[in-house]
Amino acid sequence: MNLKKLLFGKSNLDEMQELALLKIERNGFWIGFWGLVLSMAVQAALADPSEGFQEIRGEWIVLMCMAVYTVIACVRNGIWDRRIPATPKANIAVSLFSATVTALILSLLSYKNYQEPVTAVYTFVIQFILLSIVLIVTLSFTTALYHKKRQKLDEENDSISSKQKQ
């Protein structure tokens with residue numbers, strides 16, 4: 001049998017099976033994504049500070065590939081999120097929450113490695129400020145791309161609808 005036909009040929013599944021498979025694949029993706037995040041957090045917490053983050057380099061690369069692909073694919077298809085709106089207020093809230101969690105983890109690691117409470121507090125403050133700025137800017141840029149793509153898709157749908165009515 002032709003390998004191309006086998007891998008990329010017509011599906012043998014009906015619509016219900018396709019929907020079930022999509023849900024299975026979605027759940028598998030998110031289990032893998034959050035499993036990598038958890039694995040990296042545990043490894044970072046247990047790592048020797050002199051080694052840096054050499055042990056999680058592979059996981060980091062896979063996680064970033066998954067994240068970047070997901071963001072690009074969603075924006076290209078005019079999809080933002082099921083629950084969180086693509087608004088500046090939501091961007092700020094998500095950024096501040098993410099920056100707080102990440103800065104807290106980094107400050108705890110700093111305290112674990114150096115046993116200096118003041119250094120841990122400085123780590124938290126600096127990381128929180130820097131991450132908040134980077135995340136707000138990144139989400140604002142991505143939101144602008146999303147809105148532009150969504151508008152283009154809506155215009156294409158409107159022109160198709162008007163042509164079908166004629």
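The values are calculated or read from the model by the stated rules, or taken from the named source; none is laboratory data. What you see is a predicted model; the values in this text were computed from it and never measured. Every residue, glycine among them, receives a Cβ derived from its backbone with ideal geometry; neighbour counts consider all protein chains shown.
Given the criteria over 22 Å from residue 77 (Cα atoms), in a helix (DSSP H, G or I), of a type in the set (S, T, N, Q) and at pLDDT below 95, does residue 100 qualify?
Details: over 22 Å from residue 77 (Cα atoms): yes; in a helix (DSSP H, G or I): yes; of a type in the set (S, T, N, Q): yes; at pLDDT below 95: no.
No, not satisfied.
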Helices (runs of 4 or more DSSP H) completely within the range 1-96 that count 3 or more residues being surrounded by 12 or more Cβ atoms within 10 Å (Cβ to Cβ): 15-46, 57-76
Condition broken by residue 127, with the remaining ones in (1) more than 21 Å from residue 85 (Cβ to Cβ); (2) at pLDDT below 95 satisfied: (2)
Cross-chain or 6+ apart pairs with Cβ under 8 Å, the range 132-150 first and within 21 Å of residue 99 (Cα to Cα), then not in a helix (DSSP H, G or I): 143/80; 143/86; 143/87
Flag for residue 123 being surrounded by 14 or more Cβ atoms within 10 Å (Cβ to Cβ) and either in contact (Cβ under 8 Å) with a residue 60 or more places away in the chain or in the same structural domain as residue 35 (by TED's automatic domain parsing) (or both): no
Cβ-Cβ under 6 Å pairs, at least 6 apart or on other chains, the range 154-166 side touching a residue at least 24 places away in the same chain (Cβ under 8 Å), far side surrounded by fewer than 10 Cβ atoms within 10 Å (Cβ to Cβ) and of a type in the set (Phe, Trp, Tyr): none
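Taking residue 105 as the residue in question, decide whether it is within 19 Å of the chain's Cα centre (by Cα), among the hydrophobic types (A, V, I, L, M, F, W, C) and not assigned by TED's automatic domain parsing to the domain that holds residue 68. Write out each step before concluding.
Values: within 19 Å of the chain's Cα centre (by Cα): yes; among the hydrophobic types (A, V, I, L, M, F, W, C): yes; not assigned by TED's automatic domain parsing to the domain that holds residue 68: yes.
Answer is yes for this residue.
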Candidate set from the range 103-120 (those that are crowded, with 17+ Cβ neighbours inside 10 Å and touching a residue at least 24 places away in the same chain (Cβ under 8 Å)); member that is nearest to residue 85 (Cα to Cα): 103
Odd one out for residue 86, checked against (1) out of contact with any helix residue (DSSP H, G or I) (no Cβ under 7 Å at 6 or more places or on another chain); (2) over 30 Å from residue 109 (Cβ atoms): (1)
